[in-house]
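Heads up, the thing below is written out as structure tokens.
The values are calculated or read from the model by the stated rules, or taken from the named source; none is laboratory data. What you see is a predicted model, and the numbers here were worked out from it, not measured in a lab. Using ideal geometry, Cβ is built from the backbone for each residue, glycine included, and neighbour counts are taken over all protein chains shown. Quick note on the areas: whole protein, heavy atoms, side chains included, nothing else; ligands and nucleic acids left out. Shrake-Rupley method; radii C 1.70, N 1.55, O 1.52, S 1.80 Å.
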Amino acid sequence: MIIRWPDEAWASGNRCMTEIGFLIDMDGVIYRGDSMIPGAGEFMDSIRDLPYLFVTNNSSVTPEMVLQKLQSIGIVHSRKEHVLTSALATAEYLESIKPGFSFYAVGGPGLHKALEEKGREDTENPDFVVVGEGEGLNYGSLTKGINFLLRGNARLIGTNPDLTLDGTLDGKPAIIPGGGVLMAPFQAATGIKPIYIGKPGPEIFRQALKRLGKDASSLFMIGDRPDTDILGAVETGIRTILVCTGRYSCSDPYPPDIPKPDMVVDSIAGVNVSELMKILSIQVEPKLSD
């Protein structure tokens, strides 16, 4: 089932678009837990020669871990360059504002690896305290981070503001703590407002556009969360498709304070790439003023 909202976004733009691209969330869109969502494999096969990125707020995973997960469910043609995590986006952002930056990180292996590829770890006087998902938050790491922020010159960076993420527990779908929850004690203790890099913030979307070499008007964001996937993409000018196989159910009332997506589908199986390409090929004639 496809539901279209009465939104002029389908016909926006003044030039013919010839190539479509996709930004795709994963958990709740491509898979749930350790199982592929029906139709996801066929969809990925249909776009394998088109520009696309998996864009995830989960900073605890490395691109290699993401690919291993995808391969385990049967999606085998994606490569590292198809993956953009909030950890990678955070490292890229920090390098752009302070080349050769130093950091103190609290989070999983994906965060540490991404930061180490762009900067250097510093447990004495870091430029940034960076907080993301994964193990690492304890009394000791919290104490160090607080002191770097209050007694040093460190700035506070969060990979994403999510209170929870979709994940697995004992191989089953589960809700896991997000970056926003792990950030909370640092913010409460210092009174410092962090800079967040992941969805729905604009930075991760800007990096996605740069990676694909596309402008926003030729892309679709496919996600399962109105508050991150849809909100962030809309504010970046990217068209949006909301699936009902994750956090959002088609029977749920849509959040009134979040812009509506361009399309709502039961699952990614309902996304017709040929139809979307036809929509982007519509050239809108400019209106003449009276």
Could you give every pair whose Cβ atoms fall below 7 Å, whose first residue belongs to the stretch 165-178 and is in contact (Cβ under 8 Å) with a residue 60 or more places away in the chain, and whose second residue is of a type in the set (S, T, N, Q) and open to solvent by less than 50 Å² (accessible area, probe 1.4 Å), counting only separations of at least 6 or pairs across chains?
-> 165/57; 165/58; 178/160; 178/164
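So which residues in the stretch 262-281 are closer than 22 Å to residue 44 by Cβ and open to solvent by 40 Å² or more (accessible area, probe 1.4 Å), if there are any at all? Walk me through how you get there before you give the answer.
Let us first name the residues in the stretch 262-281 that are closer than 22 Å to residue 44 by Cβ, namely 262-280.
266, 269, 272, 274, 275, 277, 278, listed by residue number.
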Has the stretch 249-261 got at least one residue that is under 18 Å from residue 23 (Cβ atoms), open to solvent by less than 10 Å² (accessible area, probe 1.4 Å) and out of contact with any Pro (no Cβ under 7 Å at 6 or more places or on another chain)?
-> yes
Note on the stretch 190-215: residues more than 15 Å from residue 81 (Cα to Cα), open to solvent by 50 Å² or more (accessible area, probe 1.4 Å) and in a helix (DSSP H, G or I) are 202, 206
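Is it the case that residue 74 is modelled with pLDDT of 95 or more and assigned to a loop (DSSP other than H, G, I, E, B)? Talk me through it step by step, then tell me what you get.
On the way: modelled with pLDDT of 95 or more: yes; assigned to a loop (DSSP other than H, G, I, E, B): yes.
In short, yes.
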Search the stretch 105-157 for residues being open to solvent by 70 Å² or more (accessible area, probe 1.4 Å) and within 28 Å of residue 68 (Cα to Cα), and hand back the single one that is modelled with the lowest pLDDT.
-> 135
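Within the bounds of the stretch 170-186, is there any residue that is under 20 Å from residue 92 (Cβ atoms) and out of contact with any Asp or Glu (no Cβ under 7 Å at 6 or more places or on another chain)? Full working, then the answer.
Of the residues in the stretch 170-186, the ones under 20 Å from residue 92 (Cβ atoms) are 179, 183.
Now narrow it down to the ones that are out of contact with any Asp or Glu (no Cβ under 7 Å at 6 or more places or on another chain): 183.
Yes, that holds for at least one residue.
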The number of residues in the stretch 48-104 that are under 14 Å from residue 207 (Cβ atoms), among the β-branched types (Val, Ile, Thr) and open to solvent by less than 10 Å² (accessible area, probe 1.4 Å) is 4
Mind listing whichever residues of the stretch 231-256 are modelled with pLDDT of 95 or more and under 23 Å from residue 183 (Cα atoms)?
-> 231, 232
In contact with a helix residue (DSSP H, G or I) (Cβ under 6 Å, 6 or more places away or on another chain), at pLDDT 95 or above and not in a helix (DSSP H, G or I): does that describe residue 88?
-> no
Looking only at the stretch 125-173, count how many residues are touching a helix residue (DSSP H, G or I) at 6+ places or on another chain (Cβ under 9 Å), over 28 Å from residue 205 (Cα atoms) and not in a helix (DSSP H, G or I).
-> 1
Pairs with Cβ under 8 Å, 6+ apart, first in the stretch 64-89 and more than 19 Å from residue 28 (Cβ to Cβ), second part of a loop (DSSP other than H, G, I, E, B) and not β-branched (Val, Ile, Thr) = 77/48; 87/59; 87/60; 87/107; 87/132; 89/198
Identify, by number, the condition in (1) open to solvent by 30 Å² or more (accessible area, probe 1.4 Å); (2) in contact (Cβ under 8 Å) with a residue 60 or more places away in the chain that residue 30 doesn't meet.
-> (1)
Looking at (1) at pLDDT 95 or above; (2) out of contact with any Phe, Trp or Tyr (no Cβ under 8 Å at 6 or more places or on another chain); (3) acidic (Asp, Glu), which is the only condition residue 166 fails?
-> (1)
